[in-house]
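Colleague: Below: one structure in structure tokens.
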Amino acid sequence: MKSLSLVFLALLFAASITGCATMKQEEKSLYERLGGKEAITAVVGHLWSIASKDERVNEYFANTKPEVFAPAMVDFLCQGSGGPCEYKGQDMHAAHVGMHITSEAFDALAEDIVTTLNHFKVPQKEQNEVMTMLGGMKPAVINH
């Protein structure tokens with residue numbers, strides 16, 4: 001009977017380890033939870049339509065070609081969120097040197113991003129992850 005109890009405990013322990021491993025495997029990346037590349041592409045397109053009209057930030061995009069900017073931004077967000085894309089553009093500091101982006105403009109664009117994420121009904125958890133990722137770039141983007 002004692003050996004049967006030990007076998008039962010060993011099986012229970014093995015099942016609990018397997019259960020934990022399965023839970024970790026089922027945890028999706030931010031990229032997957034956002035809806036993949038197609039969803040990110042839609043978000044970038046919508047963000048462009050908002051930012052290009054936002055007088056707080058549109059001057060920074062005046063010489064930007066959407067057909068060049070959008071695919072690079074999609075790859076950047078795709079890679080940054082754990083997707084399969086590879087961003088091949090400049091690092092954030094190099095990409096923003098000479099633009100003299102202010103902290104206020106950065107924050108205004110962040111508001112536009114939140115508006116866009118709300119438009120697509122992105123859950124708060126994922127919004128927080130996106131904003132944390134992008135907010136961490138602020139020192140590399142402003143005042144250069």
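Colleague: Hey, can you grab everything whose amide H is under 5 Å from the amide H of residue 85? Only 5+ residues off in sequence or another chain; H modelled, so Pro and N-termini drop out.
Modeller: Amide H neighbours of residue 85: 79.
Colleague: Turning to a different aspect of this structure: Once the piece of chain linking residue 93 and residue 64 is laid out straight, how much longer is it, given 0.36 nm per residue of separation minus the C-alpha distance between them?
Modeller: 8.7 nm
Colleague: Over the range 72-144, give the accessible area per residue in Å² for a 1.4 Å probe, as an integer.
Modeller: 55 Å²
Colleague: Testing the spin-label approximation: label points 7 Å from Cα along Cα→Cβ at residue 38 and residue 138. State their distance in nm.
Modeller: That separation, rounded to one decimal, is 3.5 nm.
Colleague: For the range 34-144, which whole-number percentage of the solvent-accessible area (1.4 Å probe, protein heavy atoms only) is attributable to carbon and sulfur atoms?
Modeller: Carbon and sulfur: 57 percent of the exposed surface of the range 34-144.
Colleague: By the gyration tensor of its Cα atoms, with a ≥ b ≥ c the square roots of the eigenvalues, what is the shape of the range 64-144: rounded for a/c under 1.5, prolate for a/b over b/c, or oblate?
Modeller: Verdict is oblate for the range 64-144.
Colleague: May I pose another question? Using a cut-off of 10 Å between beta-carbons, work out the net charge of the residues near residue 50 (Lys and Arg +1, Asp and Glu -1, residue 50 not included).
Modeller: -2
Colleague: Further, regarding this structure: Which of the GluC sites (Glu not before Pro) found in the range 71-144 are in a DSSP loop and have at most 11 neighbouring Cβ atoms, other than their own, within 10 Å?
Modeller: Answer in residue order: 86.
The values are calculated or read from the model by the stated rules, or taken from the named source; none is laboratory data. A quick note: this is a predicted structure, and the numbers were derived from the prediction, not measured. Every residue, glycine among them, receives a Cβ derived from its backbone with ideal geometry; neighbour counts consider all protein chains shown. Accessible surface areas use protein heavy atoms only, side chains included; no ligands, DNA or RNA. Shrake-Rupley method; radii C 1.70, N 1.55, O 1.52, S 1.80 Å.
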